[in-house]
Amino acid sequence: MNLILWRHADAENLPASLALNAQADLARELTERGRKQAEKTAQWLRSRLPSDALILSSPAARAVQTAQALTPTPRIVRDLAPGANAMTLLGAIDWPGNVQTIVLVGHQPALGQLAALLLTGQEAYWTIKKAGIWWLASRRREDESQVVVRAVINPDLL
């Protein structure tokens, strides 16, 4: 299984008066910079993904807009919303049982925690930059499950 963790691109800030409003947070959209980041990253992904890759997105507007740079119709998964944790993300993708390539568009800190969990066996607060990609693959070698880092991409380097 190939798993691509893609953090949403740069998004609007919330006014201080709405900082704790979950609905307002879900409605935040990408900035102009964020749209450019998403498109550059999607272009890089598009040339490398198999045609049957499954694109899953958080329901937050900024994540959906990021995913739409890659496909017009990403699958919206409520379990990927802000506030999710690494174990919730794992359940949503059926790692490592799913053989399909999955692009998971979501949020910090859950994406970083999931990367840490898969690579070290423990959750930790790793940071994935906005619009950044961590491409992981699961494989079996000599009856041992392994996770391989295929790529770590920062949109500023594209």
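The values are calculated or read from the model by the stated rules, or taken from the named source; none is laboratory data. As the structure is a prediction and not an experimental result, all values here were calculated from the model. So basically every Cβ, Gly included, is an ideal-geometry build from the backbone, and we count neighbours across all protein chains shown. Surface areas here come from the heavy atoms of the whole protein model, side chains and all, with no ligands, DNA or RNA. Shrake-Rupley method; radii C 1.70, N 1.55, O 1.52, S 1.80 Å.
Could you tell me which residue of segment 120-154 is farthest from the chain's Cα centre (by Cα), considering only residues that are of a type in the set (Val, Ile, Thr) and surrounded by fewer than 14 Cβ atoms within 10 Å (Cβ to Cβ)?
The selected residue is Thr120.
Out of segment 84-100, which residues are open to solvent by 10 Å² or more (accessible area, probe 1.4 Å) and either part of a loop (DSSP other than H, G, I, E, B) or closer than 23 Å to Arg46 by Cα (or both)?
Ala84, Asn85, Ala92, Asp94, Trp95, Pro96, Gly97, Asn98, Val99, Gln100
Please go through (1) part of a loop (DSSP other than H, G, I, E, B); (2) open to solvent by 30 Å² or more (accessible area, probe 1.4 Å); (3) not aromatic (Phe, Trp, Tyr) for Leu117 and return the number of the only condition it doesn't satisfy.
Result: Leu117 fails condition (1) only.
Give segment 45-83 a look and list any residue that's surrounded by 13 or more Cβ atoms within 10 Å (Cβ to Cβ), among the small types (Gly, Ala, Ser) and in a loop (DSSP other than H, G, I, E, B), or say none.
Residues satisfying the conditions are Ala53, Ser58, Ala60, Ala69, Ala81.
Return the only residue of Val77, Val103 being in contact with a Ser or Thr (Cβ under 9 Å, 6 or more places away or on another chain) and without any contact (Cβ under 8 Å) to a residue 60 or more places away in the chain.
Result: Val77 is the single residue among Val77, Val103 that is in contact with a Ser or Thr (Cβ under 9 Å, 6 or more places away or on another chain) and without any contact (Cβ under 8 Å) to a residue 60 or more places away in the chain.
Quick check on this structure: which one of Ala115, Ala151, Ala69 is at pLDDT 95 or above, small (Gly, Ala, Ser) and in contact with an Asp or Glu (Cβ under 8 Å, 6 or more places away or on another chain)?
Ala69
Among (1) of a type in the set (A, V, I, L, M, F, W, C); (2) open to solvent by 30 Å² or more (accessible area, probe 1.4 Å); (3) under 20 Å from Trp135 (Cβ atoms), there is one condition Ile4 misses while meeting the rest; what is its number?
Of everything listed in (1) of a type in the set (A, V, I, L, M, F, W, C); (2) open to solvent by 30 Å² or more (accessible area, probe 1.4 Å); (3) under 20 Å from Trp135 (Cβ atoms), Ile4 misses just condition (2).
Quick check on segment 34-44. Is at least one of its residues part of a strand (DSSP E or B) and open to solvent by less than 20 Å² (accessible area, probe 1.4 Å)?
Checked segment 34-44: no residue is part of a strand (DSSP E or B) and open to solvent by less than 20 Å² (accessible area, probe 1.4 Å).
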